[in-house]
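Worksheet for the structure shown next.
The values are calculated or read from the model by the stated rules, or taken from the named source; none is laboratory data. For clarity, every value in this text was computed on a predicted model and none was experimentally measured. Cβ placement follows ideal geometry from the backbone for every residue including glycine, while neighbour counts extend to all protein chains displayed. Accessible surface areas use protein heavy atoms only, side chains included; no ligands, DNA or RNA. Shrake-Rupley method; radii C 1.70, N 1.55, O 1.52, S 1.80 Å.
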Amino acid sequence: MPIPGLYAAGLYINGMVAEAALEKTGGKTEDKGALIKALRATALTDTPRGPFHFDDFGNVVGNFYVRRCEKKSDRLVNTTIKTYSDVSQFWTYDEKWFLSQPVYSRDYPPLKS
């Protein structure tokens, strides 16, 4: 039997987030604003990808794993060799500085030839 991978973990975590939000709303989904607020306020500590929460933009802030594919007991498995905790979409950049930069395009950054 294959070992579940990243895609399976992602779907499982989506279900965990939905369950946590529905618990906060008492299972009610009629008020879309309240449901979205509950979804974005979800912070989980025990998931297949480790702890995570959402930032003010609704993006995930969580662990990032550097892995190496290794053969163990005649199977290929991913072994974590380094973990970066609480990684946001801005990585190590200051959020305000990053957002003040021009959006990447064909014209930016300018071609240096």
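For a Förster distance of 30 Å, can you work out the FRET efficiency between the beta-carbons of residue 46 and residue 95, rounded to the nearest 0.05? Please list the in-between numbers first.
Values: r = 27 Å, r/R0 = 0.91.
According to the calculation, E is roughly 0.65.
Filter the trypsin sites (Lys or Arg not before Pro) in the range 1-104 down to the DSSP loop ones having no more than 12 other Cβ atoms within 10 Å, then list what survives. Don't skip to the end; give the middle numbers.
Working: sites: 24, 28, 32, 37, 40, 49, 67, 68, 71, 72, 75, 82, 96; in loops: 28, 49.
Of the trypsin sites (Lys or Arg not before Pro), the ones in loops of the range 1-104 whose Cβ has at most 12 other Cβ atoms within 10 Å are 28.
In whole Hz, with x marking every Gly and Pro, tabulate ³J(HN,Hα) for the range 63-75 from phi via Karplus 6.51 cos²θ - 1.76 cosθ + 1.60, θ = phi - 60°.
6, 10, 10, 9, 10, 10, 7, 10, 9, 9, 6, 6, 10
For residue 82, list the lysines whose Cα falls under 20 Å from its own Cα; do not include residues on the same chain fewer than 8 positions away.
71, 72
Determine the share of the range 34-80's accessible area contributed by carbon and sulfur atoms, expressed in whole percent, with a 1.4 angstrom probe.
On the way: 1710 of 3330 Å².
Of the solvent-accessible surface of the range 34-80, carbon and sulfur hold 51 percent.
What is the dipole size for the chain, taken about its Cα centre, with +1 at each Lys and Arg Cβ and -1 at each Asp and Glu Cβ, in debye to the nearest 20? Walk me through the numbers on the way to the answer.
Working: 15 positive and 13 negative charges, 94 e Å.
That gives a dipole near 460 debye.
Take residue 53 and residue 75, extend 7 Å from each Cα along the Cα→Cβ direction, and tell me the distance between the two endpoints in nm.
3.5
In Å², what does the accessible area per residue of the chain work out to with a 1.4 Å probe? Mind showing how you got there, number by number?
Working: 9340 Å² over 113 residues.
Result: 83 Å² of accessible area for each residue.
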